[in-house]
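Visitor: Questions regarding the structure given below will be posed in turn.
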Protein chains: 2
Amino acid sequence: MKKIATSTISRLSTYYRTLNTLLNKNIATVSSEEIAHINGFTSAQVRKDLSFFGAFGKRGLGYNVEKLRDEIGKILGLGKKWNVALVGFGNIGRALVDYKEFKTQGFLIKAIFDNNPQKVGEVINGIKVHHFDDSCKVAADEKIEIAIIAVPADKAQQVVDSLIGCGIKAYLNFAPVTIKTPENVRVKNENMSIELEALSYFLTRCKP
Amino acid sequence: MKKIATSTISRLSTYYRTLNTLLNKNIATVSSEEIAHINGFTSAQVRKDLSFFGAFGKRGLGYNVEKLRDEIGKILGLGKKWNVALVGFGNIGRALVDYKEFKTQGFLIKAIFDNNPQKVGEVINGIKVHHFDDSCKVAADEKIEIAIIAVPADKAQQVVDSLIGCGIKAYLNFAPVTIKTPENVRVKNENMSIELEALSYFLTRCKP
DNA sequence: AATTGTGAACCTCTTCACAGCT
DNA sequence: AGCTGTGAAGAGGTTCACAATT
């Protein structure tokens, strides 16, 4: 299969969200120009992104909002529910358990792992906190496909190494370190400090 | 000034973190090859990124860890403390108040804003929750330079519009919407669902 | 001998511009 | 007439490869 840029995939997510919003407003048809304008892209970019996966519009008319939403959902694999494990039940971890957006997009946290004996056994929103030693067994039982890494930076690599051994191939990493994985494993980073530092750079360089 | 790619800036943040780690291990000198290897980049990339800002190494020897760390810190504007406001005191907001990494990188949350009267007046880690109506006054008093947006998606744009009116020019946005701003204002997005959807795409497309 | 700093080559992503449908 | 879909052109970012330096 042709390789698709990660920037294209991330824009598809944005289009998906936009189309859902339009659908809630009972708007039936939309042009690439409108989708672009809402999100600050160009219309050519929108059409090009979609063209990698097929021809979903009608020339002269635009796109059917619901149909395009569903097509993008299919591309992104959002038709199914994904079983997610949360690793690390500190501040970030606790916030993520309550983050509504995950559930609405079909990402269901099915298990929580932590090493702290005081936390093990706790139940939040019906989700049980397990000791990390049991992660492989629980991951298999719950058919976990994605792990969210919310452990301290110096533990992140070993946690991921261990979970790769349990067969988990996709990670959302909140720890501020680069995690090394084999080719067939994917890590996405959510690094809040890096974004803040980009703002710091901007404010420092771009004084009025 | 020459325009620098945002990817370069984000890698500089990574180098900065790497150099701090090396410094803690009392390592005095490092090569571009080593920095690259730790983070999964190429050595040419590391040298090119640095070259936009100056010549910090010694040919044949490499870079002095502490000196390079300080130079990158200077580039990113990390020499000073940044005063940050947190807008929205829900799940995400509460987690961010306790997020240690912000403080260690010099980003100090000085004020919290929320509309909920039950939350207004609350004090966390010595930080007071103010009503959003008072945001301009408090932002001025606390010399706020950066705002973290942790409000629901449908409120994010109006919150930012209002804060731009108070003179805040840099935003870290956790709401899953595209925020429109004038040229001289910068928004960085921290969109966890987009990253998860990229993992969903990967798992769907790249089956073994 | 080792490693930097950098122009040039290369590759990837974005935008243009227009033929082709509706 | 209006808007999509797309090859080609353009812009931007990354890697190469080597002269310069310690």
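Taken together, the values in this text are just the output of simple stated rules run on the coordinates, not laboratory data. Since the model is a prediction, treat every value here as computed from it, not as a measurement. Positions of Cβ are generated from backbone atoms using ideal geometry, with glycine treated the same way; all protein chains shown enter the neighbour counts.
Visitor: Using the Cα centre of the protein assembly as shown as origin and beta-carbon charges of +1 (Lys, Arg) and -1 (Asp, Glu), tell me which of A:42, B:108, A:198 is placed farthest towards the positive end of the dipole.
Guide: Positive-end residue among those listed: A:42.
Visitor: Can you compute the helix-only [θ] at 222 nm over chain B? Use -39500 (n - 2.57) per DSSP H run of at least 4 residues, normalise by all residues, nearest 500 deg cm²/dmol. Mind showing how you got there, number by number?
Guide: Details: 9 runs with 94 residues, N = 208.
Calculated at 222 nm, the ellipticity per residue is -13500 deg cm²/dmol.
Visitor: I've got another one for you. From the residues B:10, B:167, A:120, which one has its Cα farthest along the dipole of the protein assembly as shown in the positive direction, the dipole being from +1 and -1 charges on Cβ of Lys/Arg and Asp/Glu about the Cα centre?
Guide: B:10
Visitor: If you don't mind, there's one more thing I want to ask. So what's the gap between the Cα centers of the stretch A:110-125 and the stretch B:147-175, to the nearest angstrom?
Guide: Using only Cα atoms to place each centre, the spacing works out to 34 Å.
Visitor: Of B:163, B:86, B:196, which is the most mobile in a GNM of chain B whose springs link Cα atoms less than 10 angstrom apart?
Guide: Result for chain B, Cα springs under 10 Å: B:196 fluctuates most.
Visitor: How large is the charge dipole for the stretch A:6-75, taken about the Cα centre, if only the Cβ atoms of Lys, Arg (+1) and Asp, Glu (-1) carry charge, to the nearest 20 debye?
Guide: On the way: 10 positive and 6 negative charges, 14 e Å.
Computed about the Cα centre, the dipole is about 60 debye.
Visitor: If you place +1 on the Cβ of every Lys and Arg and -1 on the Cβ of every Asp and Glu, how big does the dipole about the Cα centre of the stretch B:82-194 come out, in debye to the nearest 20? It would help to have the intermediate numbers written out before the result.
Guide: Values: 13 positive and 13 negative charges, 39 e Å.
It works out to roughly 180 debye.
Visitor: Given contacts defined as C-alpha pairs under 8 Å and at least six residues apart, what's the relative contact order of chain A, whole-number percent?
Guide: Details: 267 pairs, mean separation 28.3, N = 208.
Relative CO of chain A lands at 14 percent.
Visitor: Suppose every Lys and Arg Cβ carries +1 and every Asp and Glu Cβ carries -1, with no other charges. What dipole size does the stretch B:34-136 come out with about its Cα centre, to the nearest 20 debye?
Guide: Working: 15 positive and 11 negative charges, 94 e Å.
With Lys and Arg at +1 and Asp and Glu at -1, about 460 debye.
Visitor: Taking square-rooted eigenvalues a ≥ b ≥ c of the alpha carbon gyration tensor, is the protein assembly as shown rounded, prolate or oblate, where a/c under 1.5 means rounded and, failing that, a/b exceeding b/c means prolate?
Guide: Working: a/c = 1.21, a/b = 1.12, b/c = 1.08.
Note, shape of the protein assembly as shown comes out rounded.
Visitor: If you don't mind, another one. Starting from one equal scatterer on each C-alpha and no solvent at all, send me the Debye-based log10 I(q)/I(0) for chain A at q = 0.14, 0.17 Å⁻¹, two decimals.
Guide: -0.97, -1.17
Visitor: Just want the ordering: B:178, A:6, from fewest to most Cβ atoms lying within 10 Å of their own Cβ.
Guide: Working: B:178 18, A:6 12.
Least crowded to most crowded, the residues run A:6, B:178.
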